[in-house]
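All remarks here apply to the structure that follows.
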Amino acid sequence: MDELHITGGNRLDGAVPIAGAKNAALPQIAAALLSPHPLELTNLPKVSDVDNMLRIISLYGATVESHAGGTTINAAHVAPGEVDYETVRKMRASILVLGPLLARFGSARVSLPGGCAIGARPVDMHLKVLSALGATVDVERGYIVASTNGGLRGTRIVLSGPSVGASETALMAACYAKGETEILNAAREPEVVDLAACLTAMGAEIEGAGTHRLLVKGNTTWRAASHHAIPDRVEAGTYAAAAMITGGRIELVNARMEHLSSVLQVLETMGATVWPGDRGVVINGRERIRPADITTEPYPGFPTDLQAQFMAMACLADGASVIRETIFENRFMHVPELSRLGADIALNGAVALVRGKPELRGAPVMATDLRASVCLVLAALAAEGESVIKRVYHLDRGYEQLDRKLAQCGADIRRVSV
Ligand code: UD1
């Protein structure tokens with residue numbers, strides 16, 4: 001199992017290529033199951049969640065061919081068999097294969113997913129979406145068992161909240177429904193918009209992507225397609241935090257300013273200078289970080305996937321910050337580990353009061369989930385002395401070559417196999 005050894009104190013300076021978005025890639029890989037024609041996906045990030053999703057669809061019979069320009073998935077001979085819990089437990093996004101399999105084949109049996117330990121994370125909204133489209137859905141001994149009587153039927157779906165995953169399940173399943181489907185209270189995240197673009201390239205007719213009301217025509221005529229995933233706004237926000245916390249300067253190559261507006265606004269409040277560069281976005285940190293009030297919200301609000309990283313910055317701010325988590329109920333697992341580095345954080349339910357300190361001190365810490373572990377990396381980059389971060393496999397789920405990219409900007413970081 002690998003560890004990261006980080007000696008803090010280096011000011012980062014350089015350019016970081018932002019990879020394709022993991023959270024855009026995962027539903028697009030699932031979407032490949034819908035069509036009998038090949039789908040070429042380019043800009044897939046080289047992270048273990050993507051490898052795992054490709055493995056899952058290949059277990060259903062899809063062929064996956066990687067070539068220099070991208071990955072071509074051919075789902076012509078897919079069958080809605082069963083993939084065991086051991087394979088899907090690693091990743092909550094495995095639920096995304098349910099909608100496509102059910103829609104195309106009229107039945108599916110998919111294990112309830114696992115994933116990050118950040119709260120209950122139920123899948124009830126995914127199941128309600130499929131029921132609304134006319135499926136019979138049951139949960140039996142840890143498996144979701146779903147079937148249709150003569151196919152899905154277009155309808156009006158009102159989501160109880162703008163869930164990213166449930167919106168994606170609805171979009172994909174509705175492509176096979178007879179007649180039009182209206183999805184209200186849909187998520188507006190760029191990853192949902194990118195899935196709609198990918199489905200459109202595959203032949204779907206979708207209106208309203210990026211708004212709370214999506215319209216899907218149904219009865220899609222599928223065709224071979226190619227799609228290029230958007231850049232990862234969470235990876236970009238993480239390197240922006242790395243620039244800030246070390247008082248350095250990082251050019252986020254490929255990053256899209258329009259996907260990062262709430263994040264860049266908070267960064268500026270905390271003292272960063274942000275400007276568009278020729279190749280992306282440039283972040284200039286400053287000697288001292290200012291405190292901030294941050295509330296996580298659905299897009300275009302501040303993303304929950306950057307809450308931990310910004311808390312690491314707040315630990316070193318000149319004053320107290322308040323951070324409210326409104327999306328997931330148990331997303332503060334990084335707090336005890338940040339405290340081991342000397343942070344002063346008081347938790348009260350979904351609110352963290354972070355009193356900034358002049359310095360953090362290196363220590364051994366344990367990664368607990370994807371974003372929590374990267375927040376420990378950020379804190380370690382700024383801490384005095386050496387930190388050792390264990391359970392690095394969490395980071396490898398969603399960050400492509402994190403240690404290499406940070407080292408290229410001047411970080412003292414080493415990956416050690418133990
Ligand atoms: C996606 C992202 C994840 C991000 C999250 C919120 C992927 C692969 N993951 O996760 O990184 O943190 O969006 O931006 O894209 N909920 C239910 N029932 C459901 C589904 C969701 O109650 O059936 C709740 C969740 O527990 C949570 C909220 O809805 O409180 C939002 O979750 P959702 O937007 O669905 O997140 P994911 O799609 O799982």
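Every test in (1) buried (at least 24 other Cβ atoms within 10 Å of the Cβ); (2) more than 18 Å from the chain's Cα centre (by Cα); (3) in contact (Cβ under 8 Å) with a residue 40 or more places away in the chain is passed by residue 108 save one, and that test is (3). Just one of the listed residues (151, 165) is under 15 Å from residue 218 (Cα atoms) and either assigned by TED's automatic domain parsing to the domain that holds residue 103 or among the charged types (D, E, K, R) (or both), namely 151. Taking the criterion of being at pLDDT 95 or above and either more than 24 Å from residue 256 (Cβ to Cβ) or part of a loop (DSSP other than H, G, I, E, B) (or both), the residues of the stretch 271-283 that qualify are 271, 272, 279. Among the residues making up the stretch 181-191, those that are free of Cβ contacts under 8 Å to residues at least 40 places away in the same chain and surrounded by fewer than 24 Cβ atoms within 10 Å (Cβ to Cβ) are 182, 184, 185. Residues in the stretch 99-118 that are of a type in the set (Val, Ile, Thr) and at pLDDT 95 or above: there are none.
Being of a type in the set (Phe, Trp, Tyr) and buried (at least 20 other Cβ atoms within 10 Å of the Cβ) is a condition met by at least one residue of the stretch 169-178. In the stretch 21-35, is there at least one residue being in a loop (DSSP other than H, G, I, E, B), modelled with pLDDT of 95 or more and either of a type in the set (S, T, N, Q) or out of contact with any Pro (no Cβ under 9 Å at 6 or more places or on another chain) (or both)? The answer is yes, given that some residue of the stretch 21-35 is in a loop (DSSP other than H, G, I, E, B), modelled with pLDDT of 95 or more and either of a type in the set (S, T, N, Q) or out of contact with any Pro (no Cβ under 9 Å at 6 or more places or on another chain) (or both). Within the stretch 208-267, the set of residues being surrounded by fewer than 19 Cβ atoms within 10 Å (Cβ to Cβ), of a type in the set (Gly, Ala, Ser) and part of a strand (DSSP E or B) comprises 226 only. Being within 20 Å of residue 330 (Cβ to Cβ), hydrophobic (A, V, I, L, M, F, W, C) and within 16 Å of the ligand (Cβ to nearest atom) is a description that applies to residue 370. Checking residue 93 against (1) modelled with pLDDT of 95 or more; (2) within 11 Å of the ligand (Cβ to nearest atom), only one condition comes out false. Which one? Residue 93 satisfies every listed condition except (1). The single condition from (1) closer than 19 Å to residue 12 by Cα; (2) within 16 Å of the ligand (Cβ to nearest atom) that residue 280 fails is (2). Within the stretch 62-88, being within 19 Å of residue 27 (Cβ to Cβ) and in contact (Cβ under 8 Å) with a residue 12 or more places away in the chain holds for 62, 70, 71, 72, 73, 74, 75, 78, 80, 83, 87, 88.
Mind listing whichever residues of the stretch 388-416 are in a helix (DSSP H, G or I) and of a type outside the set (A, V, I, L, M, F, W, C)? Across the stretch 388-416, the qualifying residues are 393, 394, 396, 403, 404, 405, 408. Residue check, residue 157 against (1) within 16 Å of the ligand (Cβ to nearest atom); (2) surrounded by fewer than 16 Cβ atoms within 10 Å (Cβ to Cβ); (3) of a type in the set (Val, Ile, Thr), all met but one. Which one? Only one criterion is unmet by residue 157, namely (2).
The values are calculated or read from the model by the stated rules, or taken from the named source; none is laboratory data. Remember, predicted model here, so these are calculated numbers, not experimental data. Methodologically, a virtual Cβ is constructed for each residue, glycine included, from the backbone with ideal geometry; neighbour enumeration extends over all protein chains shown.
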